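To start, the structure itself, in structure tokens.
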Amino acid sequence: VFLSLQLFGTIVWILVASSGVPLPLLQGWVMFVAVTAWFLSIVFLSVFLFGYANRIAVNWNQADFIFHGTTFVFYFGAFLLQAATTSLHHLPCKSNSTTQERILSGHEYNISIAASV
């Protein structure tokens, strides 16, 4: 589970970072969740790999459940915000030019869809 969390967390991190950021507040939260979950899962994995789990008297089943439950809630919230940002694709960008520009270009729209999924 930790390795898949690392893999998918890294993919989300890369996709959100590579997309244009039309709404920095929304996508900033998505990036914060992806980076924080990625880092904490590395810490959690290191505790088990280096044998600290045997030295620390903690109910690791409960800690694992709480960690993954919290991560799920934050990732679900990040998914909703990323999907909301992606749904704004059809809205025109407010600019002084006479050409109608979109908030997200076609390529950025595809990246935002992939990051949402």
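Bear in mind that the values in this text are calculations on the coordinates, not laboratory data. Quick caveat: nothing in here was measured; it's all calculated off a predicted structure. Cβ: placed from backbone, ideal geometry, glycine included. Neighbour counts: every protein chain shown.
How much length would be gained if the chain were fully extended between ALA53 and ALA17, taking 0.36 nm per residue of separation minus their Cα-Cα distance, in nm to one decimal? Please list the in-between numbers first.
Working: separation 36, 0.36 × 36 = 12.96 nm, distance 3.37 nm.
Length gained between ALA53 and ALA17: 9.6 nm.
Residues in segment 26-66, backbone N under 17 Å from the label point at THR10 (7 Å along the Cα-to-beta-carbon vector): list them, ranges by number please.
Under 17 Å, as judged by backbone N against the label point of THR10, lie 34-46 of segment 26-66.
At a 10 angstrom cut-off on C-beta neighbours, averaged per residue, how do the peptides 60-73, 29-42 rank from highest to lowest?
29-42, 60-73
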